[in-house]
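The values are calculated or read from the model by the stated rules, or taken from the named source; none is laboratory data. Keep in mind that this is a model prediction, so the values were computed, not measured. Positions of Cβ are backbone-derived with ideal geometry, glycine not excepted, and every protein chain shown enters the neighbour counts.
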Amino acid sequence: MFHKHRFGQLVAFGVVAICCARAFAQPILFPTPLSPRLANYDISVRLDTKNRLLHGSETLTWFNKSGDTITELQFHLYLNAFRNSQSTFMKESGGTSRGNEIDPEGWGFSEVNKISLASGEDLTARMEFIHPDDDNAEDKTVFRLPLPKPLRPLDSIIVRLDFTAKLPQPPFARTGAKEEYFFVGQWFPKIGVYIDGKWNCHQFHANSEFFADYGVYNVHITVPEKNIVGATGLLVEKKTNADGTATHFYHAEDVHDFAWTTSPEYVEFTGEVQDVKIRVLMQPDHADQGLRHVEAAKTAVECFQNWYGDYPYPNLTVVDPRRGAFGSGGMEYPTLITAGTFYGMPAGLRFVENVIIHEFGHNFWYHLLASNEFEESWMDEGINTYTEMQIMNDKYGPDGDMLDFLGVKINTGQLHRLRYLFNANYDPTVRPAWGYYSGGSYGSNSYSKPGMLLTTLHNYLGQETMLKVMRTYVERWRFKHPQTRDFVNVANEVSGQDLNWFFDQALFSNAVLDYSVDRVFTRALKKGEGYDFDLSTAPPDSTMTSGKSEKVKTGDSVEAKGKPKLYESGINIRRLGAFKFPVEVVATFENGEKVRETWDGQELWKKLRYTKPTKLVSATVDPEQKIMLDVNFTNNSKAVEPSGLGLDKLSARWLFWMQFLLDQPEFINVLTAITSLF
Ligand SMILES: [Zn+2]
């Protein structure tokens, strides 16, 4: 952690170095690189606010650490997703993203004007658009660049690109302009990732985020002089120009993306927690929520560092999008996140806290670990949903961590569970982002279902073990692009168990988990009839019969001899889904006795039988609702008398709110809009 304390000196040194010798003017943040710095960018960009154009020149230094001789490079031009209605993004989305429609006047694009080698050799004519995912010839979000000379292993290449980009208006799919507010993401030509012997450079899809290699970024941003700028990394220098503009020089190390924002209207708030400096850029009409944003950011940094590991960067910037620019809200970039609020947001509606905790969480799962969001979105959004639920619940829960207002209490986990329930079995969790049945299934499988399955695992392993799993995963895989099997391997190793049975069902199948109490009964044990019957040979206190008809004896023998009066009680549990998971069952008796049993859940049903001097009142499977993957909690309980006694309080309240919410016609739309923001 020492680098954080020393950073001030280092930046000061960097600034001095820049003043004295402009060449190689580059501050040092991490004397020992944290990541393999394969993709390094020096970019100068000038914003034409009137036409929302970016004029950029970019020098990319890329290292071939693959061991292969490489004959071409591949690049993303993400903004071309908004070029016209024929792009893959627009065809898939129908022009709508995260609840916003593209404005007919608001198209954007990215144009490479010239691409050359450091030697000056012009390669522009070699550029060729490719469509690795869908053969859509109209899509211009990926191009290949055949090299004049192959690039040998361990060699590096310097490529210079001059580009012009136009930002969508209003902001659409995370990036764009609104009046004098600009949020600039996915804006520069960006090299793909060379991995497993090939380029991994997917087109920009409606339901996908990103994948990139780490590097060092030096970015000079020129905007009107009156403007305030926020960006990935740290401000090294601000220089005023003769033409009424100013150039802001930002430097970032060991990051895999760079985003920035500018507006003349931002109101700044600052704070600090655990050596991380927090800067919040608020819209003037939300300025009264500035400190609330700072507090939420502090909570996020603190919880993540305490629970999941070190956030090695010295700062975090939180951006509040302008009114009418919500398309740029709720998004993550390295050391820079966007939130979202509205005027008068009540304290009991913790949308601000939730979105900041969520977006900061990405600085772990998307940024520090940098998994492939195109192909395995659950590893970012899904793990992030789990950690968001944990932190919300710990800080503001357990009752109403998301909404606690006018007597209405809703938890973050309940909202995610609702989305999961609507999409439980369309797809296996792990798929390419554009390969899901629908946007709803992508959302559920990328966010909500992983949130449910990791919470289920958390409850199965226990908090201590799960925290160890998460911490080990972060420690071992930071800066290394982990894949699904890497997470599974860490969970197996740290827990000391082979959990493949769980992950195979939860991640690689669409199997539905549903256990139910099918039948309960209790009746007075009759005197024996017929030959040779004697109550002193009454059956044991409890027996379990499974679908495989093995008999298990549990509990102690009853006192016998028919006094006091004996009752025979029974519970039939069924596994209604294909997903097999061990379950606990609690039988509650009239005298207050509770008997807890565990069933491995493998067969289709299990019968529990008891002979006791007291009547069975109710039975509940998974009484603490630890198995969040269970698609139906309402069948988990049954009372002998149809009095509803068996339904525990929690599920009764949950059921009430479910029904209430589902009766609101606008609810699903609002829910979709909110949850798709993240
Ligand atoms: Zn997210």
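One table, with the values for the structure above:
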| item | result |
| --- | --- |
| Neighbours by Cβ (under 9 Å, 6+ apart or cross-chain): first from the stretch 366-382, over 19 Å from Met452 (Cα atoms); second of a type in the set (Val, Ile, Thr) and within 13 Å of the ligand (Cβ to nearest atom) | Leu369/Ile383; Ser371/Ile383 |
| Total residues in the stretch 421-439, condition under 23 Å from Thr634 (Cα atoms) and either within 16 Å of the ligand (Cβ to nearest atom) or among the polar types (S, T, N, Q) (or both) | 2 |
| Identity of the residue in the stretch 310-361, buried (at least 24 other Cβ atoms within 10 Å of the Cβ) and among the basic types (Lys, Arg), that ends up farthest from the ligand (Cβ to nearest atom) | Arg322 |
| Whichever residue in the stretch 375-420 is part of a helix (DSSP H, G or I), of a type in the set (A, V, I, L, M, F, W, C) and modelled with pLDDT under 95 and, among such residues, is farthest from the ligand (Cβ to nearest atom) | Leu418 |
| Single residue of Gly120, Gly99, Gly108 found to be without any contact (Cβ under 8 Å) to a residue 12 or more places away in the chain, in the same structural domain as Ile191 (by TED's automatic domain parsing) and of a type outside the set (Asp, Glu) | Gly120 |
| Tally, over the stretch 61-87, of residues that are touching a residue at least 12 places away in the same chain (Cβ under 8 Å) and in a loop (DSSP other than H, G, I, E, B) | 11 |
| Residue in the stretch 62-73 that is out of contact with any Pro (no Cβ under 9 Å at 6 or more places or on another chain) and crowded, with 18+ Cβ neighbours inside 10 Å present | yes |
| Residues of the stretch 489-519 classified as assigned to a helix (DSSP H, G or I) and either touching a residue at least 24 places away in the same chain (Cβ under 8 Å) or surrounded by 19 or more Cβ atoms within 10 Å (Cβ to Cβ) (or both), total | 11 |
| Close pairs from the stretch 582-595: first assigned by TED's automatic domain parsing to the domain that holds Val621 and in contact (Cβ under 8 Å) with a residue 24 or more places away in the chain, partner hydroxyl-bearing (Ser, Thr, Tyr) and in a loop (DSSP other than H, G, I, E, B), Cβ under 8 Å, at least 6 apart | Phe589/Thr614; Glu590/Thr614 |
| Within the stretch 295-317, considering residues that are hydrophobic (A, V, I, L, M, F, W, C) and either at pLDDT below 95 or more than 16 Å from Tyr473 (Cβ to Cβ) (or both), the one nearest to the chain's Cα centre (by Cα) | Ala300 |
| Qualifying residue in the stretch 38-45 (condition: closer than 21 Å to Asn218 by Cβ, of a type in the set (D, E, K, R) and not in a loop (DSSP other than H, G, I, E, B)) | yes |
| Condition check for Pro450: within 16 Å of the ligand (Cβ to nearest atom) and buried (at least 20 other Cβ atoms within 10 Å of the Cβ) | yes |
| Qualifying positions in the stretch 363-374 - within 10 Å of the ligand (Cβ to nearest atom) and buried (at least 24 other Cβ atoms within 10 Å of the Cβ) | Trp365, Tyr366 |
| Residues located in the stretch 225-253, provided they are under 13 Å from Arg46 (Cβ atoms), in contact with a Pro (Cβ under 9 Å, 6 or more places away or on another chain) and not in a strand (DSSP E or B) | Asn227, Gly244 |
| Residue list for the stretch 585-602, filter: surrounded by 17 or more Cβ atoms within 10 Å (Cβ to Cβ) and of a type outside the set (Gly, Ala, Ser) | Val585, Val586, Thr588, Phe589, Val595, Glu597, Trp599 |
| Members of the stretch 73-105 found to be out of contact with any helix residue (DSSP H, G or I) (no Cβ under 8 Å at 6 or more places or on another chain) and over 19 Å from Glu138 (Cα atoms), listed by number | Leu73, Glu101, Asp103, Glu105 |
| Test result for Ser444, under 18 Å from the mean Cα position of the chain (by Cα), crowded, with 20+ Cβ neighbours inside 10 Å and without any contact (Cβ under 8 Å) to a residue 40 or more places away in the chain | yes |
| All strands (runs of 3 or more DSSP E) inside the stretch 110-223 with 1 or more residues being of a type in the set (Gly, Ala, Ser) and more than 17 Å from Gln74 (Cα to Cα) | 156-166, 176-178 |
